[in-house]
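The block underneath contains the structure these notes are about, expressed in structure tokens.
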Amino acid sequence: MKGVTDSESGFTLLEVVVAIAIITMLTVAFAPLIVSSVQRIQWAGTRMQELYTLRSEMEKSLASESYAKTSPEVSTHKQMPNLRVWSGGSNTGIEGLVVRVGDFVSFLPKGRGD
Amino acid sequence: MGLRDEQGMMAIGVALMLIVVLALFGGTLWQYSMAELKRVERTEQDIQALFLARAGAEIVMAAWLEESVGEKPAGVMERIYYNRDSGHFQLTEPSDYLGYVDVVVSIIDDPQDSLRDGLTQIVATSVVDGVSRTATATTYPHLFGHDPSLAWYSERYGTIQMSNAFAEEPVIMRTDNRASNNPLHVDNTLPGESEVVTVQFEAPAIVFESPMILGHNIGSGRNGRVNVVVCAETIFFDEVIVSNLPSSKPFIITYPDRIYSVILKVPDGMGILGFEIGAEDPTAKYGTVYFDHGTVSKQNYSWGFLGGISKKVLEVLKVKNTSKNLAKGAFYFKDDTDLSNLAADSLIPIPDSESRSDPFKGTGTFVWE
């Protein structure tokens with residue numbers, strides 16, 4: 001069989017233009033998929049870093065009541081209303097701070113953490 | 001060029017290959033990005049669930065700490081929800097909630113492990129969007145001084161019981177934080193008695209989480225001299241105020257001494273010798289003491305003409321012959337150190353030490369597992 005490289009015939013201009021058009025069309029067709037995927041991967045990396053930062057901020061807030069009250073990262077901290085988690089004893093409710101950092105929420109009882 | 005010739009076939013092949021490669025590349029990238037998104041979402045829910053579980057454990061822990069012995073929460077607690085709208089934890093199911101926590105309080109039954117057997121354990125399991133996390137907190141191996149097995153003081157009132165006591169485990173001295181005016185104090189009225197009474201509490205380590213204000217109720221206190229001996233290799237104090245009310249005879253009646261002091265002692269077979277820390281007396285035994293609070297003082301009182309008691313100056317206790325306050329300090333203490341009568345070599349500052357040593361630093365009654 002005669003090899004491709006041995007052939008003396010080349011491509012016409014029209015063939016080349018059509019080939020480029022097909023390649024362009026294919027690339028354009030797949031481009032949004034590729035671009036959005038890359039963007040998603042980038043976003044995931046950034047968000048993951050953000051989550052670890054928020055987690056660390058949350059740990060710091062839970063370790064210190066005064067930090068939790070003053071930290072600009074703590075979006076809200078409020079006094080807990082009475083919460084009676086069990087029916088026995090003389091327990092009338094629990095007081096403390098609801099500590100919220102980003103989408104993370106936890107609780108710091110009054111008098112703990114300092 | 002026809003489709004049937006070689007170049008035509010090759011062109012179709014190349015085009016198809018390009019389609020396949022691009023599709024494969026795009027598809028893989030898309031799948032990877034979706035997996036990353038899922039991973040981020042899962043991590044976020046996992047962390048949310050972790051903090052929610054800790055919140056549940058903290059809430060129950062706070063309830064546990066508030067209750068006196070015998071009334072502590074046990075078994076399955078009410079389910080706790082976090083309401084997104086109000087930003088509060090609540091027991092009824094809200095319409096929009098982040099997740100919920102189920103908490104169980106149990107006593108560990110493990111005869112094989114004497115250190116864990118009988119400890120209280122709080123297990124909180126939270127669920128956020130189907131992702132579940134568990135947080136476990138366990139009391140560390142210690143007793144409270146007010147536990148019935150010791151009964152060193154009244155948890156409710158802080159009154160020190162005047163009988164010697166010994167424990168093999170570290171002991172936490174903490175009064176009921178709901179009651180006001182309940183520091184650890186001497187309050188044992190015995191009119192007419194005027195003698196030296198010594199009460200000794202002995203354990204490997206004693207941690208005072210409540211103030212010890214010995215003359216808190218000095219008006220109705222015990223006559224004579226009361227020495228509260230804290231015998232431990234390691235002692236952590238909160239606020240400490242010893243009291244001095246010397247006898248007086250302003251008219252015909254003689255009013256007695258009411259002198260209440262704290263003596264630090266090292267248990268037999270424990271402590272370190274003086275030569276190890278460069279003390280003047282190389283053979284003397286030393287323990288370690290940490291004063292966490294900003295007040296370590298002697299409260300001076302005096303009898304009035306008609307028997308009333310008036311407060312005199314509060315004398316800040318200092319290391320003998322120096323200006324170093326005991327408050328917020330860490331020291332090696334010599335065996336038999338009397339806080340109200342400090343000898344020159346009785347307290348040696350521990351260099352580069354914080355007021356509380358690491359093993360107990362930041363620990364509450366519970367430790368996270």
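The values are calculated or read from the model by the stated rules, or taken from the named source; none is laboratory data. It should be emphasised that the depicted structure is a prediction, and the values quoted were computed from it without experimental measurement. Methodologically, a virtual Cβ is constructed for each residue, glycine included, from the backbone with ideal geometry; neighbour enumeration extends over all protein chains shown.
Observations
- In the set (1) surrounded by 14 or more Cβ atoms within 10 Å (Cβ to Cβ); (2) within 25 Å of the chain's Cα centre (by Cα); (3) more than 10 Å from chain A (Cβ to nearest Cβ), B:A55 fails one condition alone, (3).
- With respect to the conditions (1) modelled with pLDDT of 75 or more; (2) facing chain B (nearest Cβ under 9 Å), A:K78 falls short on a single one, namely (1).
- Qualifying residue in region B:66-88 (condition: facing another protein chain (nearest Cβ under 9 Å), at pLDDT below 95, in a helix (DSSP H, G or I) and crowded, with 17+ Cβ neighbours inside 10 Å): yes
- Test: residue in region B:300-308 that is modelled with pLDDT under 85, at positive phi, touching a Phe, Trp or Tyr at 6+ places or on another chain (Cβ under 9 Å) and exposed (fewer than 13 other Cβ atoms within 10 Å of the Cβ): yes
- Given (1) modelled with pLDDT of 85 or more; (2) surrounded by 18 or more Cβ atoms within 10 Å (Cβ to Cβ), number of the condition B:G130 does not satisfy: (2)
- Here B:D147 meets the list (1) free of Cβ contacts under 8 Å to residues at least 24 places away in the same chain; (2) farther than 30 Å from A:V99 by Cα almost entirely, failing just condition (1).
- Taking residues in region A:27-47 that are within 7 Å of another protein chain (Cβ to nearest Cβ) and assigned to a helix (DSSP H, G or I), and partners anywhere that are surrounded by 13 or more Cβ atoms within 10 Å (Cβ to Cβ) and among the polar types (S, T, N, Q), the pairs with Cβ atoms closer than 6 Å and at least 6 places apart or on different chains are A:S37/B:S33; A:R40/B:S33; A:I41/B:S33.
- In region B:309-331, the residues that are surrounded by 15 or more Cβ atoms within 10 Å (Cβ to Cβ) and within 28 Å of the chain's Cα centre (by Cα): B:L317, B:K318, B:V319, B:N325, B:L326, B:A327, B:K328, B:G329, B:A330, B:F331
- Boolean, B:V21 is more than 7 Å from chain A (Cβ to nearest Cβ) and more than 27 Å from A:M48 (Cα to Cα): yes
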